[in-house]
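The values are calculated or read from the model by the stated rules, or taken from the named source; none is laboratory data. All of these numbers come straight from a predicted model, not from anything done at the bench. Quick reminder, even Gly has a Cβ in these numbers, built from the backbone with ideal geometry, and neighbours come from all protein chains shown. Just the protein is used for accessible areas: all its heavy atoms, side chains included, with ligands, DNA and RNA removed. Shrake-Rupley method; radii C 1.70, N 1.55, O 1.52, S 1.80 Å.
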Amino acid sequence: MDIAQLSMNMSCQNLMADVGTAVLANTLDLVETNGEEMTKMMEQSVQPYLGQNIDLTV
């Protein structure tokens, strides 16, 4: 295996590692957002009377 081929292989491995890290970061952000939304939904379910009445003036 020559130096150029080895360099290309190492570069591809580094790229794949960087892509994997970026995908993991996006996944963690998504999980965090989903967790926050789930917490909000659970808080609203504890107080079911919220949002049932609307005050209107004509």
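Per-residue answers, yes or no, for (1) touching a His at 6+ places or on another chain (Cβ under 8 Å); (2) modelled with pLDDT of 95 or more; (3) surrounded by 10 or more Cβ atoms within 10 Å (Cβ to Cβ):
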| residue | (1), (2), (3) |
| --- | --- |
| M1 | no, no, no |
| Q5 | no, no, no |
| M8 | no, no, yes |
| M16 | no, yes, yes |
| G20 | no, yes, yes |
| V23 | no, yes, yes |
| L28 | no, yes, yes |
| M42 | no, no, no |
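Does L56 qualify as being of a type in the set (A, V, I, L, M, F, W, C) and either open to solvent by 90 Å² or more (accessible area, probe 1.4 Å) or part of a loop (DSSP other than H, G, I, E, B) (or both)? It is true that L56 is of a type in the set (A, V, I, L, M, F, W, C) and either open to solvent by 90 Å² or more (accessible area, probe 1.4 Å) or part of a loop (DSSP other than H, G, I, E, B) (or both).
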